[in-house]
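Enquirer: Below is one structure. I have some questions about it.
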Amino acid sequence: MECATGIPILLNLRAAPNPRARIVGAIPPDGACIRNLGCRGGLSFQEFTELSPAERKQREREHPRWCRVEYRGVTGWVAGRYLAEDDCRR
């Protein structure tokens, strides 16, 4: 991700699953090997399969998914919409 000026945007690690919680670290755009320690919130499988696209979008806004992650020794919460599965071979 980059902003309009071309400066990379960091993904903030937060102390709690809240966009206003204290920032405890950051993950760069090319960050890899992020360990997912569990997520909460977001759509259930039933909601995902039964709701219309508009209803799913509204539900996601009302109940966003937050994931607790560890990146380079720092543990914190990030908005789940910014995470993607990847293969991390060490």
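Enquirer: Under a point spin-label approximation (7 Å from Cα along Cα-to-Cβ), what is the Lys57-Ala26 distance to one decimal in nm?
Expert: Distance between the two pseudo-spin positions: 3.0 nm.
Enquirer: So, one more: Indicate the gyration tensor shape class of region 48-90 (rounded, prolate or oblate), computed on the Cα atoms with a ≥ b ≥ c the square roots of the eigenvalues: a/c under 1.5 is rounded; otherwise a/b larger than b/c is prolate and the rest oblate.
Expert: It comes out oblate by the Cα gyration axes.
Enquirer: Here is a follow-up. Along region 59-72, what does the Karplus equation 6.51 cos²θ - 1.76 cosθ + 1.60 (θ = phi - 60°) give for ³J(HN,Hα), rounded to whole Hz, x for Gly and Pro?
Expert: With the stated coefficients, region 59-72 comes to 4, 5, 5, 6, 9, x, 8, 10, 10, 8, 10, 10, 9, 6 Hz.
Enquirer: Also, I was wondering about something else. By DSSP, what percent of the beta bridges with both residues in the chain are antiparallel, rounded to the nearest 5?
Expert: DSSP beta bridges in the chain are roughly 100 percent antiparallel.
Enquirer: Based on the Cβ-Cβ distance of Ser44 and Arg72, what FRET efficiency does E = 1/(1 + (r/R0)^6) give at R0 = 30 Å, to the nearest 0.05?
Expert: Values: r = 32 Å, r/R0 = 1.06.
Working from the Cβ atoms, E equals 0.40.
Enquirer: Using only DSSP helix segments of four residues or longer, with each worth -39500 (n - 2.57), what per-residue ellipticity at 222 nm results for the chain after dividing by its residue count and rounding to 500?
Expert: For the chain, the value works out to -5000 deg cm²/dmol.
Enquirer: Skipping prolines and chain starts, which residues have an amide H placed within reach, meaning under 5 Å, of the one on Asn12, given they are 5 or more residues away or on another chain?
Expert: Result for Asn12 returns Ile27.
Laboratory data are not the source of any read-out in this text; all were calculated from the coordinates shown. Owing to the predicted nature of the structure, the values given are computational and were not obtained by experimental measurement. A quick note on method: Cβ atoms are made from the backbone with ideal geometry, for glycine too, and the neighbour counts reach across all protein chains shown.
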